[in-house]
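Worksheet: the structure to be examined is printed underneath.
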Amino acid sequence: MPVTLQRVTVANWHVLITLQVAPDQEAWVAANHITLLEAAYGFAGDLAHLHLIPLAVYADQHPVGLVLYNTDPSFERFFIMRLMIDQHQQGKGYGRAALTQLLGLFRAYPQAKEVAVSYNVGNQVARQLYRSCGFSELGPDDAGGVMMWQMLNPQSVPWTSLWHSAYSASTTQA
């Protein structure tokens, strides 16, 4: 089944909020209605500047999951906040296909430098998925999870990574 990422619309949000992870995964991923509310209204305080973008994950014409990412206004950096596949659809490769497409979407912006994601320490399935798609572990994040990172597009000028201290202003990839 081909997997696609599609906009969240008035026609599909109702079914997206019915998708759920398994009960033992609920502590790791917010419910989809929370994700869509956060995407619609954003965050307060230090996170108010984030541009939140939800996308539905479809297998053929059937919604199977939801992703949420944020980006800076210049589309240079991305952070994957949520990647969920419905409990009845897990283990079919939909998460990997969605993540691969999401990374391709980010790389379509030539100025895109990097992407990060974090996972809950107990969520070894997420860890393996991110590692298999090219992410490397950076260490603990501020929320008690583990931060992972990857570079997106080679840049012709020096730049400094927001998350990876090894990529400083003197580092270039051409």
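The values are calculated or read from the model by the stated rules, or taken from the named source; none is laboratory data. Everything numeric here is computed off the predicted structure, so don't read it as measured data. Cβ sites come from the backbone with ideal geometry, for glycine too, and all protein chains shown count toward neighbours.
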Restricted to region 14-55 and to residues being among the aliphatic types (A, V, I, L, M), within 16 Å of H88 (Cα to Cα) and under 17 Å from the mean Cα position of the chain (by Cα), the residue surrounded by the most Cβ atoms within 10 Å (Cβ to Cβ) is L16
A careful count of residues in region 17-37 that are more than 24 Å from A143 (Cβ to Cβ) and either in contact (Cβ under 8 Å) with a residue 60 or more places away in the chain or assigned to a helix (DSSP H, G or I) (or both) gives 0
Query raised in the report: On the given criteria, is A143 modelled with pLDDT under 90 and under 18 Å from L68 (Cα atoms)?
Result: yes
Within region 72-92, the residues that are basic (K, R) and assigned to a loop (DSSP other than H, G, I, E, B) are K92
Subset of region 56-92, residues over 15 Å from A31 (Cβ atoms), surrounded by fewer than 17 Cβ atoms within 10 Å (Cβ to Cβ) and not hydrophobic (A, V, I, L, M, F, W, C), comes to D60, Q61, H62, D72, P73, S74, H88, G91, K92
Going through region 38-68 in order, the residues found to be in contact with a Leu (Cβ under 9 Å, 6 or more places away or on another chain), closer than 20 Å to D142 by Cβ and not hydrophobic (A, V, I, L, M, F, W, C) are E38, G42
Of all strands (runs of 3 or more DSSP E) fully inside region 93-174, the set with 2 or more residues that are surrounded by 19 or more Cβ atoms within 10 Å (Cβ to Cβ) is 114-120, 145-151
Within region 38-64, residues at positive phi and either at pLDDT 95 or above or not in a loop (DSSP other than H, G, I, E, B) (or both) come out as G45
Would you confirm, using the coordinates I've provided, whether Y69 is within 27 Å of P23 (Cβ to Cβ) and assigned to a helix (DSSP H, G or I)? no
Of the residues in region 115-147, those that are under 19 Å from A27 (Cβ atoms) and touching a helix residue (DSSP H, G or I) at 6+ places or on another chain (Cβ under 8 Å) number 7
Yes/no for L16 being under 19 Å from S118 (Cβ atoms) and touching a Leu at 6+ places or on another chain (Cβ under 7 Å): no
